[in-house]
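All remarks here apply to the structure that follows.
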Amino acid sequence: YVAAVYEHESILSPNPTALVDRQSALELMGRNLDIYEQQVVAAARQGAQIIVFPEDGIHGFNFTRSSIYPYLDFVLHSDFVKWNPCREPYLFNDTEVLQRLSCMALKNKIFLVANLGTKQPCEHTDPHCPSDGRYQFNTNVAFSDDGMLVATYRKHNLYFEYAFDTPPEPDYKMFDTPFAGKFGMFTCFDILFFEPAVNLIRQYNLKQIVYPTAWMNQLPLLAAVEFQQAFATAFNINILAANIHHPTLGMSGSGIYTPVKSFIYHNLESYGGKLIVAEIPVITTDFKTKLKKTPGRVSGKGNEQLPPLFYAEMMYDNFTFVPVWGEKGEVQVCANTLCCYLNYRRAVFTDELYALGVFDGLHTVHGTYYVQACALVKCGGLSFSTCGQEVTDATSLIGFQLWGNMSTPYIFPLLLTSGITLDFPDQMGWKNNHYFISKNRTSSGLLTGALYGRWYEKD
């Protein structure tokens, strides 16, 4: 099927904490919706059957609970009400944004997914009801190609979003399409947690996901395109990911991903939005991970000098590292219960410093979640203290096998190359209670080759 995602550079409120009236809020959102409309027309012309827009794209961000209120549409989070906002605008008040989105879908005969702020009044008899008598949700909406509202999803894992409430229960939301079957949806930070993202995919055996996001890139392990691809690979699904474009905030990185190929956009240099349109296969069956050679054990060959262990901070976590020196070799490094093993060969020997790092613990900055990671990374310079820094360019072409005795089945294989481009493992999977990835030789300089494990039970 043909899919489109749009990385949108939002027109933002100059002062998001100021209180404005509904009319002014609609005016600002209207300017963003005008751009959406142009992109829907462009995508439909290229044969797209579905288009996805980013999180916060219509209203922007950095609001307070009261300053966002004029920007919120009313939406009934119910699967029982069949409603076409374009054809039946009179049914509910404060639905101007929904009406415009619905009309875009209808006019262009395209499925459309967007993110907006929504409000829902609640009674004080409801124990979860906020003191101001209303819920405010970060919401994805999906419209069918005739403008029907077919699904609404309320973001569960909020990322410092003080204007919004967490829904009382996680939403598992899907919609059906004639061209690719069922699509599931969740938003941004949700991708790092079991609920609802992983549970949704597993419970309903979903193969297509739409994913609005407003993601700040964090190298070396959590660049947007890097993790989006790893997620598609780990679950053997297609992901249509639309990120916001704000280079000054480090926000870029959208794509259309399959488990074996991706169409991506990552650009922190220039301004303006970007439409990606690609044709991808509908995944119907599980393709099996290719398994060939068993990774060998690293043998202690007597009295040879082992490389020194050192510690450095990476992604705000204290990693234990071992340097990856020379043209080829085998190294290992352990922390807590996790041991990581690497054998490597550099096709072209450069003086760049690489290191193999391990972390097995609770990550506590900008969210709390348990990580098990084995990571081969390029260091920022030639001294150990630069390992773990954000690096965007590399020249070393490396072939490697990396494996670890992970305690969780949820492992995201990361393979990031120079200029924030993606590469794909030749093989990966479980062998003798170890998870491994191998790459014969990277297509360009290696930035990160890693196993990023999420041990959800220990969050």
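The values are calculated or read from the model by the stated rules, or taken from the named source; none is laboratory data. Being a predicted model, the structure only gives us computed values, none of them experimental. Neighbour counts run over all protein chains shown; Cβ positions are idealised from the backbone, glycine included. Side chains included, ligands, DNA and RNA excluded: accessible areas come from the protein's heavy atoms. Shrake-Rupley method; radii C 1.70, N 1.55, O 1.52, S 1.80 Å.
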Pick from region 401-455, criterion of a type in the set (Gly, Ala, Ser), at negative phi and touching a residue at least 60 places away in the same chain (Cβ under 8 Å), ranking: most open to solvent (accessible area, probe 1.4 Å)
407
Looking only at region 67-86, which residues are open to solvent by 20 Å² or more (accessible area, probe 1.4 Å), part of a loop (DSSP other than H, G, I, E, B) and not aliphatic (A, V, I, L, M)?
77, 78, 79, 80, 82, 86
Selection from region 353-376 of residues in a loop (DSSP other than H, G, I, E, B) and either surrounded by 17 or more Cβ atoms within 10 Å (Cβ to Cβ) or not assigned by the TED database to the domain that holds residue 454 (or both) yields 353
Close pairs (7 angstrom Cβ cut-off, 6 or more residues apart or separate chains): farther than 14 Å from residue 166 by Cβ and outside any loop (DSSP other than H, G, I, E, B) in region 126-139, of a type in the set (S, T, N, Q) and open to solvent by 20 Å² or more (accessible area, probe 1.4 Å) anywhere:
134/120
Given the criteria out of contact with any Ser or Thr (no Cβ under 9 Å at 6 or more places or on another chain) and more than 24 Å from residue 158 (Cα to Cα), does residue 91 qualify?
yes
Go through region 118-140 and give me each residue that's more than 13 Å from residue 212 (Cα to Cα) and within 27 Å of the chain's Cα centre (by Cα).
118, 119, 135, 136, 137
Here is a list of conditions, (1) within 17 Å of residue 210 (Cβ to Cβ); (2) open to solvent by less than 30 Å² (accessible area, probe 1.4 Å); (3) of a type outside the set (D, E, K, R), and residue 148 meets all of them except one; can you say which number that is?
(2)
List every residue pair whose Cβ atoms lie under 9 Å apart, where the two residues are 6 or more positions apart in sequence or sit on different chains, the first residue falls within region 308-328 and is among the aliphatic types (A, V, I, L, M) and assigned to a strand (DSSP E or B), and the second residue, located anywhere, is at pLDDT below 95 and surrounded by fewer than 19 Cβ atoms within 10 Å (Cβ to Cβ).
322/306; 322/307; 324/307
Which residue is surrounded by the most Cβ atoms within 10 Å (Cβ to Cβ), if the candidates are limited to region 193-220 and must be in contact with a strand residue (DSSP E or B) (Cβ under 6 Å, 6 or more places away or on another chain) and more than 21 Å from residue 273 (Cα to Cα)?
220
So if I check each of 25, 43, 48, which one is in the same structural domain as residue 103 (by the TED database), more than 25 Å from the chain's Cα centre (by Cα) and surrounded by 18 or more Cβ atoms within 10 Å (Cβ to Cβ)?
25
Members of region 165-208 that are part of a loop (DSSP other than H, G, I, E, B), touching a Gly at 6+ places or on another chain (Cβ under 9 Å) and either without any contact (Cβ under 8 Å) to a residue 60 or more places away in the chain or among the hydroxyl-bearing types (Ser, Thr, Tyr) (or both):
172, 206
Identify the single condition in (1) in contact with a His (Cβ under 9 Å, 6 or more places away or on another chain); (2) of a type in the set (Val, Ile, Thr); (3) surrounded by fewer than 24 Cβ atoms within 10 Å (Cβ to Cβ) that residue 125 does not satisfy, given that it satisfies every other one.
(1)
Among (1) touching a strand residue (DSSP E or B) at 6+ places or on another chain (Cβ under 8 Å); (2) closer than 24 Å to residue 175 by Cα; (3) open to solvent by less than 50 Å² (accessible area, probe 1.4 Å), the one test that residue 96 misses
(3)
Sole exception among (1) modelled with pLDDT of 95 or more; (2) open to solvent by 20 Å² or more (accessible area, probe 1.4 Å); (3) more than 14 Å from residue 315 (Cα to Cα); (4) in a loop (DSSP other than H, G, I, E, B) for residue 350, by number
(1)
